[in-house]
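In what follows, a single structure is set out as structure tokens and then discussed.
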Amino acid sequence: MDATKNEIRTLEGFLAVREQAEGQTGESRTIVGRAIVFNSESEVLDDLGMRFREVILPEAATMDFLMTQDIKMNMLHDRKQTVARWNKGQGSLRLSVDSEGVSFEFEAPKCDLGDRCLEMVRRGDYSGCSFEFYPDKYEVQERGKDNVLVKHSRFARIGALTIGLDPAYTATSVSARELYDQTPAGKADIEREKQEQQERERIIAEQNRRIQRRRLSERII
């Protein structure tokens, strides 16, 4: 993982249209949901045969951090379908943080895009909430063959939240080799390869010294 790769994570069952408060008239246009859940293991993710789970720690998405971010609320991961925006605490998208994670709410805009978003959420056709992030600080723990746990404690950036169709917890742009390299088994392989390379270099250097000594001896004779 590195800060140049965009990761996407999707959660199921954290999306709804808020009911109108008592005394208010008309249909509510307020969409609410939770995009990030803290201290909860993801389903098993698989990239290039590398199986792992993820946990987002609370320190990865504090309110202080969110106040530095420009985050769009999109539909279906499409930047052309933005329905709200949080720009360092300002804008039509409202975010909040509690012990369980990061929640959001916004008023569906009164346009074709907003009407479609509202109707699809109300009907339950859109049931997943995603967040797109660039990883920064994380810890990798090995938990058995081909299964590691990645704990994110800091994001480099959160680029967008998304309302989507697919409720599966999915991963994109994850470097399986990089994850493996940070497990105990991966570190042992790297150290072994390093030692083998050093031994090869030692043997080659010794062979070169022998050749130089032989050539020097031949010139003297």
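Data for the structure
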item	result
Hz values of 3J(HN,Hα) by residue in the range 74-91 - Karplus curve (6.51, -1.76, 1.60), Gly and Pro given as x	10, 10, 6, 6, 9, 5, 7, 10, 7, 10, 6, 8, 10, 10, 6, x, 10, x
GluC sites (Glu not before Pro) restricted to the range 73-127 and DSSP loop, no more than 15 other C-beta within 10 Å	Glu100
Amide proton proximity set for Ser127, modelled H, under 5 Å, gap of 5+	Gly164
Cβ-derived FRET efficiency at R0 35 Å, Arg200 paired with Leu57, nearest 0.05	0.25
Trypsin sites (Lys or Arg not before Pro) within the range 25-106, DSSP loop, no more than 12 other Cβ atoms inside 10 Å	Lys88
Amide H within-cut-off set for Asp136, under 5 Å, with H built and near neighbours excluded	Arg154, Ala156
Surrounding net charge for Phe65, when Lys and Arg each add one and Asp and Glu each subtract one, Cβ distance under 9 Å	-1
Accessible-area composition of the range 42-159, carbon plus sulfur, in percent [1.4 Å probe]	44 percent
Thr30 paired with Phe65, simple spin-label distance in nm, labels 7 Å along Cα-to-beta-carbon	2.7 nm
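The values are calculated or read from the model by the stated rules, or taken from the named source; none is laboratory data. Source: prediction; values computed, not measured. Positions of Cβ are backbone-derived with ideal geometry, glycine not excepted, and every protein chain shown enters the neighbour counts. In case anyone asks, the SASA skips ligands and DNA or RNA and just uses the protein heavy atoms, side chains included. Shrake-Rupley method; radii C 1.70, N 1.55, O 1.52, S 1.80 Å.
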